[in-house]
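Enquirer: This structure is in structure tokens; I'll ask about it shortly.
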Amino acid sequence: MTKKRILIVDDDPMVLKLKMMVLRSQMNEWEISLASDGFEALALMEKIRFDAVVSGIEMPKVTGVELLNQVRRRYPHVIRILHSEQTNKEVSFRSVESSHQYLVKPWGFKQFITTLCQAFALQDALNNETIKGLVAKLPSLPSLPSSYLELMEELQSQEPSPSEVGQIISRDVGMIAKILKLVNSAYFGLRVTVSDPVHAVKLLGLDTIKALVLTHGVFSHYEQIDPQCLSLEQLMQHSLGVGSLAKMIAKAEKQDQDVATDAMVAGALHDTGKLILAQGLPLEYKDVVIEAKEQNIPLWRVEKEAFNTSHAEVGAYLLGLWRLPVPIVEAVALHHEPAKGGVSGVRVLTAVHAANVIEQEEQSQAGAINTSKLDGQYLVDVRAGDRVKVWREQWRHGLKGKAVNDLYSPAKVV
Ligand SMILES: [Fe+2]
Ligand SMILES: [Fe+2]
């Protein structure tokens, strides 16, 4: 196996030395280069092909965000990690586009190495010729919704304003309908009907809005799918339910707000690959769906036999192309096989894996087929074996589930 090449950029020689020491334990698998500023880093990247760049934020000449933006444009395959000595909300927003991961002190050495290992594992898993070959056969992949890009631009501005976010959403008619429907659902218990998107944004919060904008962008691309192959309505309901529950789980496990937001987005998009396969290979996919139902085998296992890949990997591949953060892409790629991501505590992947199964079990009607199972050993390994009961209770009593139910007609299990 070829060694991974990592470039570390920091203007503080002490920090550089420290990082070298941290990474020494990985020297058999990694090759480390150092640069003391952004110009030196870019010059090195012209000569050497790196797999990852790890940069500090506060640097003179070229800031970490500016450097990683350049890296993103010139070398999109390279994993980009930013780290900072302190939490800075504005930088955190600005870093969303430029970096895959944003680490804020106090991050431990272990977390630093784990972050890089996970990013490499995912890169290798998705850099798979089968997925590329399959995707090449498909007529088209949706592009990142323009309303999402506009939204992120506003969130990264000096002073993001809910009213501007509301204005951006107002320009997308389909989006307005979805958001107003959610805000007027039973969850909010409002006595009056809200008809103003700006007011809706203030009530729902920006994380829900982000998840809705992406989900709507993806689903609107696939309106022509044959309902015999896949029910869009059921999948939309399942996806939003998983997003809501994954966020609840992250919060119940005292994860920070960024993890809860990523869990919601990843949950809402976790089955995107089903849409891609159902539209791109309608006849083959219909056979796969029928076989999974008749044999009572998880859909992703039958997909692997038929296509040598699964909806989880195909969906993650798309989100990787969209450069969504690594924890989201990882959660989508491994939501049926979380143990493959290694054991490093509860994270976005854990929340989405559990939410996917719990949502299906709780929504399923008597006699419906339900083949997805929780990976009990994985949950024990991340010390969450005894938490499933709590999460299930949260779903049962959680008002979010009710809100999702109110959005669509009653579900049958997908
Ligand atoms: Fe799935
Ligand atoms: Fe699912």
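Enquirer: Roughly what would the spin-label model give for residue 157 and residue 173, points 7 Å off Cα along C-beta, in nm?
Expert: 2.6
Enquirer: Report the full-extension gain for the segment residue 74 to residue 129: residue separation times 0.36 nm, less the Cα-Cα distance, to one decimal in nm.
Expert: Going from the current span to full extension adds 17.5 nm.
Enquirer: Okay, next question. Could you size up the charge dipole of region 17-69 around its Cα centre, putting +1 on the beta carbon of Lys and Arg and -1 on that of Asp and Glu, and report it in debye to the nearest 20?
Expert: Charge dipole, region 17-69, about its Cα centre: 160 debye, nearest 20.
Enquirer: Under 12 Å between alpha carbons, and skipping anything fewer than 8 positions from residue 19 in its own chain: which aspartates and glutamates qualify?
Expert: Of all the aspartates and glutamates, those that pass the test against residue 19 - Cα under 12 Å, at least 8 places apart if same chain - are 10.
Enquirer: Could I ask something else about it? Would you list, by chain and number, the aspartates and glutamates whose Cα falls below 14 Å from the Cα of residue 47, excluding same-chain residues fewer than 8 positions away?
Expert: Result set, ordered by chain and number: empty.
Enquirer: For region 181-340, what relative contact order do you get, as a whole percent, if you take Cα pairs closer than 8 Å and at least 6 residues apart?
Expert: Reported relative contact order: 19 percent.
Enquirer: Read phi for every residue in region 35-51 and hand back ³J(HN,Hα) as whole Hz from Karplus 6.51 cos²θ - 1.76 cosθ + 1.60, θ = phi - 60°, with x for Gly and Pro.
Expert: Running phi through 6.51 cos²θ - 1.76 cosθ + 1.60 with θ = phi - 60° gives 9, 9, 7, x, 5, 4, 4, 5, 5, 5, 5, 6, 9, 10, 8, 9, 9 Hz.
Enquirer: Taking the Cβ-Cβ separation of residue 397 and residue 18 as r and a Förster radius of 56 Å, what is the calculated FRET efficiency to the nearest 0.05?
Expert: 0.75
Enquirer: Let me ask something additional. Going by C-beta contacts inside 10 Å, put 199, 270 in order with the fewest on the left.
Expert: 199, 270
Enquirer: Taking a ≥ b ≥ c as the square roots of the eigenvalues of the Cα gyration tensor of region 308-389, is the shape rounded (a/c under 1.5), prolate (a/b larger than b/c) or oblate?
Expert: Judged from the Cα gyration tensor, region 308-389 comes out oblate (a/c at least 1.5, b/c at or above a/b).
Enquirer: Less than 13 Å Cβ to Cβ from residue 51, Lys/Arg counted +1 and Asp/Glu -1: what total charge do the surrounding residues give?
Expert: +2
Enquirer: Over 20 Å between Cα atoms: which of 178/251; 210/247; 178/210 fall into that group?
Expert: 178/251
Enquirer: Based on the Cβ-Cβ distance of residue 374 and residue 224, what FRET efficiency does E = 1/(1 + (r/R0)^6) give at R0 = 41 Å, to the nearest 0.05?
Expert: 0.75
Each value in this text was obtained by applying a stated rule to the coordinates, not by laboratory testing. It should be emphasised that the depicted structure is a prediction, and the values quoted were computed from it without experimental measurement. Methodologically, a virtual Cβ is constructed for each residue, glycine included, from the backbone with ideal geometry; neighbour enumeration extends over all protein chains shown.
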